[in-house]
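> Here it is, the structure, as structure tokens.
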Amino acid sequence: MNPFTYAYPVKTYFGKGAAAQSLPGELAKVGPNVLLAYGGGSIKRNGVYTQLTQLLEAAGKTIVDFSGIMSNPTYEKVQEGARLAREKKIDFILAVGGGSVIDCCKIVSAQALLDEDIWDYEYSKKQVPSQFIPMGAVVTAFGTGAEMNNGAVITHEAKKSKSPLTGSYYRFAILDPAYTLTMPLEQVISGAFDSLSHCMETYLGNPRTVNLSDEINEACQRNIIRNIRQTLKDPQDIEARSELVWAAAMAENGILKIGKQGDFQCHMLEHQLGAYTNCNHGRGLAVLHPVLYRHYLPSAAAQFARLATNVWQIPAEGKNQEALAEAFLEKLAAFIKEIGLPTNFRELGIPANTDLKAVADTTILTGGCCKAFSREELLQVLEECK
Ligand code: NZQ
Ligand code: ZN
């Protein structure tokens, strides 16, 4: 185990009716002007907007809408939110949506109180912000676990970069699985696969000996796989949905990362692919994972073999470590196909003329836990995904 300090700042309210139960108390602690941030309008169609505005009004708040936060939120949108927050003297931000809204607000909350450009501040000056407008999150699309951490993934279109920025933690997160039942099934599966990816990326980190975090991680992976299958049988199964929503949070609330440094090379590659193509995050990961992981052999054979037996329940009899690692890779690829996720760039809808070399050349190299990639090999991975 690596040495660690563990404390957790996000108070989590989970379950049916969590917003009505928790918001009055939480809103009583904050000032009168609330920025209500959301995406393209799903919350207006499914009634969540009405419920939340009623709760905000009952608490005597002045509501300022910040709408239209797009999937893969942009730096420009962050600036729009920060301007609005300053102009309207916002005391509190309520972010309502999936990873995109939740991430965008983490940086709005910092940029609104920072006199300089946050991208330069973090990337050129290598500083991290320390002052934030307080925030709460209401999750309507699960998968990223973004409500649980203070990292945000922002697309800077002018710089052709989709990159992590450090923002604020949420004071609280409301996870009502019923709020997610109106998500399109495609997004449900893509989100759940993202959670599985977070587990795998963490599992493949350093140190590479198994610790308690890894054993909890294996349980999370088994749970996600089982509940994806159950959700495909019955998309409205609230028990399966509840498990998936909590598993997504578990993958990002730090517990699986205790005593470990994550790998996350697949994420960095997918983010940069997103910068060039605006592809859906979970679907992009589905294409990249099996191809990238094949390049992790032989270095990751021991971890892959453990995933084969402990997560995918592949019988170990008669198989050496290499055969088990191979069986894991095949099983992962077959599962991605089984659950209807894309298996190549064509199915993902990426234009054939996408500049894959530029993607490989601008991807953050994580230093590699299982493997340190060269840009040439990353390009090879991308070519193999076509
Ligand atoms: O915009 P609206 O109309 O709300 O529609 C959204 C959006 O189109 C829709 N949706 C959300 N809740 C719904 C709903 N539709 C019907 N009913 C509901 N209840 O779902 C669509 C996708 O939403 P989005 O937030 O974009 O998806 P997701 O949660 O997958 O977030 C993706 C973003 O999170 C980043 C990704 O890179 C991407 O930018 N990530 C953030 C992470 C973090 N901060 O920890 C970790 C992840 O690895 C990831 O990188
Ligand atoms: Zn992810």
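> Starting from residues that are farther than 25 Å from Asn278 by Cβ and in a helix (DSSP H, G or I), keep the ones in the stretch 149-181 and report whichever is nearest to ligand 1 (Cβ to nearest atom).
The extreme case among them is Tyr179.
> Return the residues of the stretch 86-100 that are open to solvent by 10 Å² or more (accessible area, probe 1.4 Å) and of a type outside the set (S, T, N, Q); say none if nothing qualifies.
Arg86, Glu87, Lys88, Lys89, Ile90, Asp91, Gly98, Gly99
> Based on what the data block shows, is Thr144 hydroxyl-bearing (Ser, Thr, Tyr), in contact with a strand residue (DSSP E or B) (Cβ under 7 Å, 6 or more places away or on another chain) and within 13 Å of ligand 1 (Cβ to nearest atom)?
Considered against the rule, which asks whether it is hydroxyl-bearing (Ser, Thr, Tyr), in contact with a strand residue (DSSP E or B) (Cβ under 7 Å, 6 or more places away or on another chain) and within 13 Å of ligand 1 (Cβ to nearest atom), Thr144 comes out as no.
> Can you pull out the residues in the stretch 31-64 that are surrounded by fewer than 20 Cβ atoms within 10 Å (Cβ to Cβ) and closer than 20 Å to Ile133 by Cβ?
Hits for the stretch 31-64 are Gly31, Pro32, Asn33, Thr53, Leu55, Leu56, Ala59, Gly60, Thr62, Ile63, Val64.
> Another question about this same structure. Does Ala360 count as over 23 Å from the mean Cα position of the chain (by Cα) and at pLDDT 95 or above?
In short, no.
> Now for a different question. Test of understanding: among Asn72, Asn46, which residue is touching a residue at least 60 places away in the same chain (Cβ under 8 Å), within 24 Å of His281 (Cβ to Cβ) and either in contact with a strand residue (DSSP E or B) (Cβ under 9 Å, 6 or more places away or on another chain) or not polar (S, T, N, Q) (or both)?
Asn72
> Let me ask you something else. Check the stretch 81-99 and report whether any residue there is farther than 20 Å from Ile174 by Cα and in contact with a Gly (Cβ under 9 Å, 6 or more places away or on another chain).
yes
> Could you list, in sequence order, all residues of the stretch 232-290 that are without any contact (Cβ under 8 Å) to a residue 60 or more places away in the chain, under 25 Å from Glu215 (Cα atoms) and not hydrophobic (A, V, I, L, M, F, W, C)?
Glu239, Glu243, Lys257, Pro290
> Does Leu292 fit the bill of being out of contact with any Phe, Trp or Tyr (no Cβ under 8 Å at 6 or more places or on another chain), open to solvent by less than 20 Å² (accessible area, probe 1.4 Å) and more than 13 Å from ligand 1 (Cβ to nearest atom)?
yes
> If you don't mind, another one. Scan the stretch 183-229 residue by residue and report those that are open to solvent by 10 Å² or more (accessible area, probe 1.4 Å) and at pLDDT below 95.
If the condition is that a residue be open to solvent by 10 Å² or more (accessible area, probe 1.4 Å) and at pLDDT below 95, then Asn206, Pro207, Arg208, Thr209, Val210, Asn211, Leu212 are the ones that fit.
> Six or more apart or on different chains, Cβ atoms under 7 Å: show the pairs whose first residue is in the stretch 182-199 and more than 9 Å from ligand 1 (Cβ to nearest atom) and whose second is of a type in the set (Ser, Thr, Tyr).
Val188/Thr231
> If a residue has to be open to solvent by 10 Å² or more (accessible area, probe 1.4 Å) and in a helix (DSSP H, G or I) to count, how many in the stretch 110-144 make the cut?
Within the stretch 110-144, residues that are open to solvent by 10 Å² or more (accessible area, probe 1.4 Å) and in a helix (DSSP H, G or I) number 5.
> Among the residues of the stretch 165-181, what is the count of those that are free of Cβ contacts under 8 Å to residues at least 60 places away in the same chain and open to solvent by 20 Å² or more (accessible area, probe 1.4 Å)?
Here the count works out to 1.
> Might you let me know whether the stretch 244-265 holds any residue that is over 22 Å from Thr12 (Cβ atoms), in contact with a Lys or Arg (Cβ under 8 Å, 6 or more places away or on another chain) and either buried (at least 18 other Cβ atoms within 10 Å of the Cβ) or aliphatic (A, V, I, L, M) (or both)?
yes
> Check Leu329 against each of (1) open to solvent by 20 Å² or more (accessible area, probe 1.4 Å); (2) hydrophobic (A, V, I, L, M, F, W, C); (3) in contact with a Pro (Cβ under 8 Å, 6 or more places away or on another chain) and name the one condition it does not meet.
For Leu329, the failing item is (1).
> Out of Ala192, Ala173, Ala137, which single residue is of a type outside the set (Val, Ile, Thr), within 16 Å of the chain's Cα centre (by Cα) and within 14 Å of ligand 2 (Cβ to nearest atom)?
Within the list Ala192, Ala173, Ala137, the selection yields Ala192.
> Right, next: Only one residue in Leu232, Leu285 is surrounded by fewer than 24 Cβ atoms within 10 Å (Cβ to Cβ) and closer than 12 Å to Ala192 by Cβ, so which one is that?
Result of the check over Leu232, Leu285: Leu232.
> Is it fair to say Pro207 is without any contact (Cβ under 8 Å) to a residue 12 or more places away in the chain and over 13 Å from the mean Cα position of the chain (by Cα)?
no
> Let me ask something additional. For the stretch 113-129, check the following and say yes or no: at least one residue is under 20 Å from the mean Cα position of the chain (by Cα) and at positive phi.
No, because not a single residue in the stretch 113-129 is under 20 Å from the mean Cα position of the chain (by Cα) and at positive phi.
> With Glu80, Glu116 as the choices, which residue is more than 16 Å from ligand 1 (Cβ to nearest atom), farther than 22 Å from Gln272 by Cα and acidic (Asp, Glu)?
Testing whether each residue is more than 16 Å from ligand 1 (Cβ to nearest atom), farther than 22 Å from Gln272 by Cα and acidic (Asp, Glu) leaves just Glu116.
The values are calculated or read from the model by the stated rules, or taken from the named source; none is laboratory data. Just so we're clear, the structure is a prediction, and the values are computed from it rather than from any experiment. Neighbour counts are summed over all protein chains in view; Cβ atoms, including those assigned to glycine, are modelled from backbone coordinates with ideal geometry. All accessible areas refer to the heavy atoms of the entire protein, side chains included, with ligands and DNA or RNA removed. Shrake-Rupley method; radii C 1.70, N 1.55, O 1.52, S 1.80 Å.
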